[in-house]
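K.L.:
I have a structure I would like to understand better, so I am pasting it below and will then ask my questions one at a time.
Just so you know, all these numbers are worked out from the coordinates, no wet-lab data involved. The model shown is predicted, which means the values in this text are computed figures rather than measured ones. As a convention, Cβ positions derive from the backbone with ideal geometry for all residues, glycine included, and neighbour counts pool all protein chains shown.
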Number of protein chains: 2
Amino acid sequence: MIVGVVGGGQLARMLALAGYPLGLKFAFLDPSPDACAGHLGGHITAEYHDHAALHRLADLSHVVTFEFENVPAETMTVLAERVPAYPPAAALAVAQDRLREKSLFRELGIPTPEYRAVESVEALTAAVDSLGLPAILKTRTLGYDGKGQVVLRDRAKLAAAWSRMGGVPCLLEKMVSFERELSIIAARGRNGDTAFYPLVENVHRNGILHISRCRAGHPLQTQAEDYAERLLQSCDYVGVLTLELFQVGERMLANEIAPRVHNSGHWTIEGAVTSQFENHLRAVMGYPLGDTAANGQAAMVNLIGEIPEISELLAVPGAHVHVYGKEPRPGRKVGHVTLCMADDTRLEAALGQVLALIDRR
Amino acid sequence: MIVGVVGGGQLARMLALAGYPLGLKFAFLDPSPDACAGHLGGHITAEYHDHAALHRLADLSHVVTFEFENVPAETMTVLAERVPAYPPAAALAVAQDRLREKSLFRELGIPTPEYRAVESVEALTAAVDSLGLPAILKTRTLGYDGKGQVVLRDRAKLAAAWSRMGGVPCLLEKMVSFERELSIIAARGRNGDTAFYPLVENVHRNGILHISRCRAGHPLQTQAEDYAERLLQSCDYVGVLTLELFQVGERMLANEIAPRVHNSGHWTIEGAVTSQFENHLRAVMGYPLGDTAANGQAAMVNLIGEIPEISELLAVPGAHVHVYGKEPRPGRKVGHVTLCMADDTRLEAALGQVLALIDRR
């Protein structure tokens with residue numbers, strides 16, 4: 001059985017690596033001839049709006065999914081007319097628009113930072129009057145890894161910031177002084193069963209995820225699962241969904257969702273009984289979900305821009321190296337290292353070794 | 001960097017799945033157009049003695065290895081002239097000939113069952129006089145999974161047995177009444193470092209491996225490691241090597257070696273810190289070996305001939321399903337299931353569930 005994947009980057013690649021043991025094969029649709037998943041299955045090199053190519057993907061696939069949320073909604077509609085396609089287009093539409101996303105959180109009773117929709121410099125000024133500064137101006141669509149957003153600290157610079165965003169519809173969000181960023185990876189099967197991984201604590205650097213630490217037994221786990229469950233049920237979701245949260249004291253504010261496997265869940269490949277990639281495939285194939293429990297302590301470090309000497313990384317105790325086969329380029333995610341240990345002290349020591357190898361370069 | 005693999009079966013497939021995260025790519029040489037590793041890299045469809053094809057494989061590979069021990073020795077010689085090739089041809093030659101294998105065990109002080117070389121029916125009769133019955137007559141070459149061997153219990157049937165073997169050079173082995181069959185998976189890096197997995201206890205059915213159970217902490221671990229170490233050092237081995245043993249009381253008798261990753265090591269994919277497949281690649285690439293410790297309790301069951309309903313297998317707690325993508329056929333290894341659990345009681349319960357699904361068919 002062939003799983004069609006829209007997008008052929010590292011998430012598609014790791015889906016395929018998790019799927020072959022289940023007896024699945026893969027076909028990727030990606031405009032780049034260098035797409036790093038391309039070695040692991042059929043590769044249709046075509047744009048996402050190329051209907052003939054989408055028909056080809058649909059016709060050879062048993063089920064279709066996507067690896068990133070900026071797939072045009074139309075792409076999934078075209079595919080869904082011919083083949084089962086998960087996650088649902090409705091979830092994709094929500095994740096592509098920060099205003100719809102925040103509105104959904106509110107509808108479902110999930111707290112968020114305060115925000116205002118902003119479609120003009122006048123509306124921006126009014127929103128700043130209402131929310132105060134500092135605040136974050138974000139484009140409603142097409143933002144990821146810190147792109148499409150700017151922090152506003154100075155009332156005198158509002159017009160400049162607005163024009164830098166290109167005049168597109170935006171959202172102004174009150175800047176939250178949070179203790180930490182958390183994420184929860186959740187999965188829902190075709191039969192409605194759900195499963196949740198332990199909360200993950202995330203540290204960013206230059207707007208890109210740097211380190212994720214699995215925090216099994218976190219006191220906010222039940223609350224986070226409840227929020228994720230509401231989101232999953234609200235759109236009859238099938239597959240893995242990630243909810244990013246800010247922890248403020250004993251509360252959590254929802255930041256955003258990703259309707260897919262997520263960088264903050266890469267530790268699950270070795271650190272959990274069933275990886276997020278396998279569970280996404282189990283969900284879209286209609287198989288039962290696998291156990292999401294953590295095996296001991298786990299953390300993940302992203303390799304950004306370049307790969308340190310691989311022999312040195314492999315010599316770190318408990319290190320699992322994942323190289324994506326992408327051309328190194330500044331700011332590009334080219335790999336990650338997962339560390340798994342029985343106890344936290346040894347985990348942090350090993351993490352320190354990996355960080356030293358990364359920062360030496 | 002491309003790893004060339006002679007053979008494109010499930011072992012090659014699992015090597016590739018372990019190698020992509022290390023940034024490796026793969027090319028397989030296999031005469032079958034359906035070789036199940038073929039989806040995971042380049043596939044040169046050619047016979048093992050096709051020099052032009054071997055040159056092509058060598059020229060596109062950074063290093064070459066093999067996935068089964070019946071590769072003609074000449075194949076590896078042709079490859080080794082052009083590209084680093086591991087494990088060494090000497091180990092392959094030993095593993096292909098039961099007499100050389102047993103002689104090496106003796107040379108290295110590793111106990112074996114008593115045996116005699118047999119090249120005629122007269123020599124067979126003399127050997128039976130010397131060793132007694134029951135005994136096992138085995139062809140010197142081309143035996144695996146119980147093929148090429150017959151148990152002798154009746155002096156009157158020696159001539160018939162001899163002719164059934166086709167008159168090829170054989171070995172007569174005294175039948176050992178052993179308590180259990182064990183195996184140890186060992187690895188040796190290019191720099192001479194060695195690593196050993198915990199002893200595995202193996203149960204066969206119809207001459208084919210049925211169940212392997214990891215036995216971390218086995219009292220004979222040190223002795224088994226010592227035997228494996230002697231074998232690794234004797235031929236400047238690089239890669240993973242498996243030594244199969246019979247346990248007789250407090251002693252072990254060497255049965256045979258496999259100069260490759262082994263079915264009794266499949267549990268290491270989820271059950272050990274580093275899998276046998278990753279460690280084989282680390283070794284042949286000249287990378288440091290990874291930790292061979294077990295994560296809790298683990299067992300593996302082979303799926304022979306057909307795959308039970310995959311949804312039911314995936315519903316068993318702690319079950320990791322591996323389907324090889326091979327056409328089902330009686331007696332053919334088409335997949336395996338690994339079970340990992342914190343304690344042995346739950347492990348055996350889960351194992352029982354998987355066995356029930358297999359035996360129901």
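K.L.:
With springs only between Cα atoms under 10 Å, which of B:A89, B:A349, B:A73 fluctuates most in a Gaussian network model of chain B?
P.N.:
Looking only at B:A89, B:A349, B:A73, the largest GNM fluctuation is found for B:A349.
K.L.:
Across bins of 5 angstrom width beginning at 0, how are the C-alpha pair distances of region A:180-359 distributed, in whole percent?
P.N.:
Cα pair-distance distribution for region A:180-359, in percent: 1, 9, 17, 20, 19, 16, 10, 5, 1, 0.
K.L.:
Once you have all Cα-Cα distances for chain A, histogram them in 20 Å bins from zero and send the whole-percent values.
P.N.:
29, 59, 12
K.L.:
Using θ = phi - 60° and the Karplus curve 6.51 cos²θ - 1.76 cosθ + 1.60, what whole-Hz ³J(HN,Hα) does each residue of region A:75-80 get, with Gly and Pro shown as x?
P.N.:
4, 6, 5, 4, 5, 5
K.L.:
Quick check on the protein assembly as shown: what are the equivalent-ellipsoid semi-axes from the Cα gyration tensor, as sqrt(5λ), descending, whole Å?
P.N.:
Rounded to whole Å, the semi-axes are 54, 24, 24.
K.L.:
Stokes-Einstein D for region A:46-204 at 10 °C, 1.306 mPa s, Kirkwood Rh over Cα pairs, in µm²/s?
P.N.:
Translational D for this selection: 88 µm²/s.
K.L.:
Can you give me the three principal axis dimensions of region A:44-112 from its C-alpha atoms, in Å, biggest first?
P.N.:
42, 21, 17
K.L.:
When each copy gets a label point 7 Å from Cα toward the beta-carbon at A:G331, what are the spacings between them in nm, shortest first?
P.N.:
6.2
K.L.:
Return the ratio Rg/(2.2 N^0.38 Å) for region B:2-85, where Rg is computed over Cα atoms only.
P.N.:
My calculation over the Cα atoms of region B:2-85 gives 0.95.
K.L.:
Take peptides A:59-65, A:332-338, B:333-339 and line them up by average Cβ neighbours within 10 Å, highest first, as a rough protection proxy. Don't skip to the end; give the middle numbers.
P.N.:
Working: A:59-65: 19.6, A:332-338: 22.6, B:333-339: 24.1.
Packing order, densest peptide first, comes out as B:333-339, A:332-338, A:59-65.
K.L.:
Say we join alpha carbon atoms closer than 10 Å with springs in a Gaussian network model of chain B; which of B:E348, B:E107, B:E173 then has the biggest fluctuation?
P.N.:
B:E107
K.L.:
Okay, next question. Let me test this: with uniform point scatterers at the alpha carbons of region B:146-190, what is the Debye-based log₁₀ I(q)/I(0) at q = 0.15 1/Å?
P.N.:
Taken in order of the listed q values, log10 I(q)/I(0) reads -0.59.
K.L.:
Rounded to the nearest Å, what's the spacing between the alpha carbon centres of region A:283-298 and region B:87-133? Just the number, please.
P.N.:
If we compute the Cα centre of each part, the gap is 48 Å.
K.L.:
Let me ask something else about it. Per-residue Cβ counts within 10 Å, from other chains only, averaged over B:312-320: what number is that?
P.N.:
Partner Cβ neighbours, averaged per residue: 4.
K.L.:
Using label points projected 7 Å from each Cα along Cα→Cβ, tell me how many nm separate B:S234 and A:S311, to one decimal.
P.N.:
The modelled label-to-label distance comes out at 3.0 nm.
K.L.:
Note down the relative contact order for region B:2-85 as a percent, whole number, built from C-alpha pairs under 8 angstrom at least six residues apart.
P.N.:
It comes to 34 percent, rounded to a whole number.
K.L.:
Let me ask you something else. Translational D (Stokes-Einstein, µm²/s) of region B:268-309 at 25 °C and 0.890 mPa s when Rh comes from the Kirkwood sum over C-alpha pairs?
P.N.:
206 µm²/s
K.L.:
Place the label 7 angstrom along Cα→C-beta at B:P219 and in each other copy, then list the distances from the first to the rest in nm, shortest first.
P.N.:
Label-point distances to the other copies, shortest first: 5.0 nm.
K.L.:
Put the label 7 Å from Cα along Cα→Cβ for A:G305; what are its distances to the other copies, in nanometres, shortest first?
P.N.:
Here A:G305 shows inter-copy label distances of 5.9 nm.
K.L.:
In region A:2-85, what percentage of the DSSP-assigned beta bridges are antiparallel, given to the nearest 5?
P.N.:
Of all bridge pairs located within region A:2-85, approximately 0 percent are antiparallel.
K.L.:
What 222 nm value per residue comes from the helices of chain B, counting each DSSP H run with n ≥ 4 as -39,500 (n - 2.57) and dividing by all residues, nearest 500 deg cm²/dmol?
P.N.:
Rounded to the nearest 500, it is -9000 deg cm²/dmol.
K.L.:
If you don't mind, there's one more thing I want to ask. Provide Rg and Dmax in Å for region A:114-174, with only Cα atoms included in the calculation.
P.N.:
Radius of gyration, then largest Cα-Cα span, for region A:114-174: 10.1, 28 Å.
K.L.:
Relative contact order, percent, of chain B when contacts are C-alpha pairs under 8 Å separated by at least 6 residues? Please report the intermediate quantities before stating the final value.
P.N.:
Working: 795 pairs, mean separation 49.7, N = 361.
Value for chain B: 14 percent.
K.L.:
Return P(r) of region B:78-159 (all Cα-Cα pairs; 10 Å bins starting at 0; whole %; ordered from short to long distances).
P.N.:
Percent of pairs per bin, in order: 15, 39, 29, 11, 5, 0.
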